Structure formats: C-alpha cells, structure tokens
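Right, one structure below, let's go through it.
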Amino acid sequence: MYSHNLNLKIIYRFLGLTSMLNGVFMLIAVPFSLYHQEEAYKGILTGGIVTIAIGLLLYFFNKPTSTNIQKKEGYLIVTLGWLILSFTGMLPYLFSGSIPNISNAFFETISGYSTTGSSILTDIESMPKGILFWRSATHWIGGMGIIVLTIAILPLLGIGGMQLFMAEAPGPSTDKLHPRISDTAKRLWLIYVILTFSEFFLLKLAGMTWFDAINHAMATMSTGGFSTKNDSVAYYNAMPLVQYIIIFFMFVAGTNFVLSYFALKGQFQKIFKSEEFKYYLIGFIGLTFVIATIILFFQNPDLETTIEHPMIYGKVESAFRHAAFQVISVITTTGFVSADFTMWSFFATAIFFSLFFVGGSAGSTSGGVKIVRHIIMLKSSFLEFKKALHPNAIIPVRYDEKPVNQTIVFNIISFFIIYMLIFVVSSTILTLMGLDFISALGAAGSSLGNIGPALGSVSPVDNYAHLSDPAKWFCSFLMLIGRLELFTVLILFSPFFWRKN
C-alpha cells in the first residue's frame, strides 16, 4: 500500500518559495547585462519573471492545513527543490540564446547549483557578462544551499525546518551554533556573505577587475570553480597574489563553517581542538610538499607549457604555489585550475585522482566523501585489529575525544560502500556511452564528488562539451546525488519510502 499521508501542499508551498527566491537572484543579474549593453538582459529578465511566476502559483494555490514537516516531506522538498532550481535556473541560458540546447543548459545549471564546476562552454570569455554573473550566482546559491537560506525565514511562515536542515546540511555533522535551527541558518549565511565579500575586496585590490573579482569570490566560497576566463585561474599565473588569495579562501570554504564562526569570534582554541581540522590542515601541507617536489624534480618535460610564467617569481615559489593551488582545489572540490596537473607525471595524476574521494570538512560547502568519514572509518578499521586480539574488550570509536555511536559508524561505512559502488557502476555506464576508460573514471569520480576537472578527455584543460546528451544527463544525476549526500535522493527510489507509515 502506498502513502497518501504526504503533506503535498507544504511541499508545493516550499517549492514555490524556493522558485521565487531563485527568480529574485536571476533579476540581480539583469543590471550586469544592462551595464554592458547586452541583449542577453531580455532573456535573463524573462527567465526571472517566469521563475517568480511559477513560484507564486505554487505558493499561493497551496495553503496547507498543517505546517508540520516530517522526514518524508524533508527528503522530497530538498531533492525536488534542487530540481526546480536547476530546471528554472537554465531559463536565462535558453531565453538569451547563450546555451540554446536543453541538455547543455541543464548540465551547466546543475553543475552550478551542485557546485561541481564542470562546463560545456568552449569559449567562456565570449559569453555575455550578465550570463556569466548568473552562472557564478548558481554556485553561490547552491554553495550553502538555498534550502538553508529559506529555513532562516520559515519562522515567519510558521513552519519548522529541522528536517530540512538534516537533509540538506553537507556532511554527517550538523553542529548547531544556536538552539533554534532558523538562527543557525542565519548565522551560516551571514558567515558565507562576510567571507564572500572579504574575498571580493581582496581580489579587487590584488588586481582583478571588479566583475572578475565578484565572480571568482562567489565560485570560491561555494567551492564551485566556474571562472570568467577560458584558462580558469591559470589566466592569473603572472599575478601570484591573486592565486594565494584564492588558495586561502578555498581552504576556508573547505573548513567546517562552525569553525569559521568560532574564528570570527576569536575562539581559535576550538578550531585546533577539532580532529578533522588537524587532519585537513596537515594533509593539505603534506600533499603540497609532495606535489611541489614532483613538479621540481620529476615532472614531465611538457610541464612548462602548462605554466605561463614559470620563472618570473622563481621556480620553487611557482612549484609550491601551483601544488598548493591544485591540492586545495581538488580536496575542497572547488575545481579551479592554475595548471594541468595531469602533466605532472603519472604519480601526481594518481594522487589527484585519489583526492577525488576525500572531500573537505563536514559542514563546509565542499562535496566528496568528507574527511570526518575517512577518520571514523580508519579508526573503526584499526579497532577491528584490537578486537581480534582482545575479543571481549569493549572499545568505542572516539572522535574529538568523545565516543561515536555505533549507528553513526555503520552509517558512515554504508555511505562509503554505496558511494564507491555508484562510482564503479557509473564509470562502466559512461564507457557504454562512448567515453574511454580513463575519461569515464574521471567523469564519474568528478561528477559524484562535485569536483569539476577530471582525467582523459575531461581533464583540467578540457571540458564536457563533447559528451553525448545521455552522458550529460547521467553526469547531471551524479552531480545531484553527490551534492545531496546520496541518501537524500536515493531514498526516494526505495519502495519503503512510499509505503504508508
């Protein structure tokens, strides 16, 4: 027997609110087109009006008798919310004629909202400025999640949002800054806004144009990776300060936002007590040294072609800068490119491919598996060795000096098994869709981990334009489930979800 107890009106009402907010963000892109005297403003304006109209219809024609959101409604709202964002978000591309193909427009849009950063555009710099701003804005909206933003105003509607936050918050950690979930959402977005504008001002001071600075700031803090330049951040290889600023903010964006909150309050001792942060920092520094060493002593001869000005600021500095940039870009799943890391020897390529499955911190805007899951899985594995020697001992997994509930450990192990299974199956499917083996591995790992640049024909200096339409839709699906941490979407395909309670 299938469920008739879903509160459909509250779902439609919430989707309407999401659509209206999305439309308002679209309208913000209109002035950029008008300022640059582009015809594209008509398409963006039309897209915004249509999106707001859809939202108004969904919102005002669905007045629920109950405003209570249960887990089932939460999962549906988040998944359908992301889909309505993507389907309405592609309207400016279609109406302006910038990306006339629906498959391409949807791919670019969901790549934006999922903060993946994969692109089908072959000449980014020829695109209208208003469209480029909207493209970066999809990152910024998706980064923290428009769902979380909406939770901040739900109390005004008399609707509680804890179930939504649990389904949307990135990673297994949902540390709260405030007992009220709506106040937590407000604080998270405030931090997000402060950091975005801080990076914008610093990039402008470092020599970027104001337009490029705001676009790269939005793409960095969302760990998205869309750039306004064909060469991505490699365009600024002669401006090291720009790249160092982006490195710093990529690192911050990949850090748990709760820790960023403590940092802004001056409570630094809480940051360095975080076990995940220690692994994150040490891993970043260690891998930077390893990759820099490879660049300096073991790189392929073709490396010089991937760095425009390798000797201007010294070969050692250049090597460490590019190593740090690409390591943090992949770990945080940002996907910005300062050089083609596939040219730094097969060993370096293997390291970067393995980083596809790491991810940033839980509670950050990054995608991937997340560092905390790896920590708990490793600790659980080592405990199994101890239990083999002392079978009667009761030894819990400890994280941040606290015992971890066994249910959480099992959940994390299940997540990783399903994640890797999806990766293997997806890689196989992409080979059936025409990709060679290396490109299929790269595209599957990159899409599922919301990374962007991959391997083979979708390497850091290539894009996804050559994929067939079915392959683009399939990669879009992988981006969605990866962004929403697998279970939020996959549970909808389970018959148990639709059965009556």
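The values are calculated or read from the model by the stated rules, or taken from the named source; none is laboratory data. Keep in mind that what you see is a predicted model, and the values were worked out from it rather than measured. In this analysis, Cβ positions are derived from the backbone assuming ideal geometry, glycine residues included, and neighbour counts consider all displayed protein chains. Quick note on the areas: whole protein, heavy atoms, side chains included, nothing else; ligands and nucleic acids left out. Shrake-Rupley method; radii C 1.70, N 1.55, O 1.52, S 1.80 Å.
A compact table of results
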quantity: Tally, over the range 359-371, of residues that are assigned to a loop (DSSP other than H, G, I, E, B) and aliphatic (A, V, I, L, M); calculated: 2
quantity: Residue tally, condition β-branched (V, I, T) and either open to solvent by less than 30 Å² (accessible area, probe 1.4 Å) or without any contact (Cβ under 8 Å) to a residue 12 or more places away in the chain (or both), over the range 423-454; calculated: 4
quantity: Residues of the range 372-387 classified as over 26 Å from T115 (Cβ atoms) and either of a type outside the set (D, E) or not in a helix (DSSP H, G or I) (or both), total; calculated: 9
quantity: Condition check for P100: at pLDDT 75 or above and either in contact with a Cys (Cβ under 7 Å, 6 or more places away or on another chain) or part of a helix (DSSP H, G or I) (or both); calculated: no
quantity: Conditions (1) at pLDDT 90 or above; (2) more than 28 Å from G360 (Cβ to Cβ); number of the one not met by G89; calculated: (2)
quantity: The listed residue being without any contact (Cβ under 8 Å) to a residue 60 or more places away in the chain, under 23 Å from A219 (Cα atoms), open to solvent by less than 10 Å² (accessible area, probe 1.4 Å) and in contact with a helix residue (DSSP H, G or I) (Cβ under 8 Å, 6 or more places away or on another chain), out of A323, A348, A339, A319; calculated: A323
quantity: Tally, over the range 327-355, of residues that are under 23 Å from R373 (Cβ atoms) and either among the charged types (D, E, K, R) or touching a Ser or Thr at 6+ places or on another chain (Cβ under 7 Å) (or both); calculated: 5
quantity: Identity of the residue in the range 76-105, open to solvent by less than 10 Å² (accessible area, probe 1.4 Å) and of a type in the set (A, V, I, L, M), that ends up nearest to S33 (Cα to Cα); calculated: I99
quantity: Selection within the range 221-236 - buried (at least 23 other Cβ atoms within 10 Å of the Cβ) and either of a type outside the set (S, T, Y) or under 19 Å from E108 (Cβ atoms) (or both); calculated: M221, S222, T223, G224, G225, F226, S227, T228, S232, V233
quantity: Residue list for the range 26-71, restricted to those being open to solvent by less than 60 Å² (accessible area, probe 1.4 Å), within 18 Å of L6 (Cβ to Cβ) and not in a helix (DSSP H, G or I); calculated: N62, P64, S66, T67, I69
quantity: Residue ID - most open to solvent (accessible area, probe 1.4 Å), chosen from residues in the range 455-474 that are closer than 18 Å to T342 by Cβ and of a type outside the set (A, V, I, L, M); calculated: H466
quantity: 1 or more residues of a type in the set (A, V, I, L, M) and more than 30 Å from D231 (Cβ to Cβ): qualifying helices (runs of 4 or more DSSP H) within the range 388-501; calculated: 406-432, 469-483, 487-490
quantity: Residue list for the range 455-487, filter: at negative phi, within 17 Å of the chain's Cα centre (by Cα) and among the aliphatic types (A, V, I, L, M); calculated: L478, M479, L480, I481, L484
quantity: Matching entry among S198, S182 (being more than 20 Å from V358 (Cα to Cα), polar (S, T, N, Q) and modelled with pLDDT of 95 or more); calculated: S198
quantity: Failed criterion for R483 (all others in (1) at pLDDT below 90; (2) touching a Phe, Trp or Tyr at 6+ places or on another chain (Cβ under 6 Å) hold); calculated: (2)
quantity: Scan of the range 336-358 for residues that are at pLDDT 90 or above, of a type outside the set (A, V, I, L, M) and in a loop (DSSP other than H, G, I, E, B), ordered by number; calculated: F336, S338, F356, F357
quantity: Top-ranked residue of the range 1-25 - restricted to ones that are open to solvent by 70 Å² or more (accessible area, probe 1.4 Å) and among the hydrophobic types (A, V, I, L, M, F, W, C), ranked as farthest from S86 (Cα to Cα); calculated: M1
quantity: Matching residues in the range 355-407 - criterion: being under 30 Å from I291 (Cα atoms), of a type in the set (S, T, Y) and surrounded by fewer than 24 Cβ atoms within 10 Å (Cβ to Cβ); calculated: S380, S381, Y399
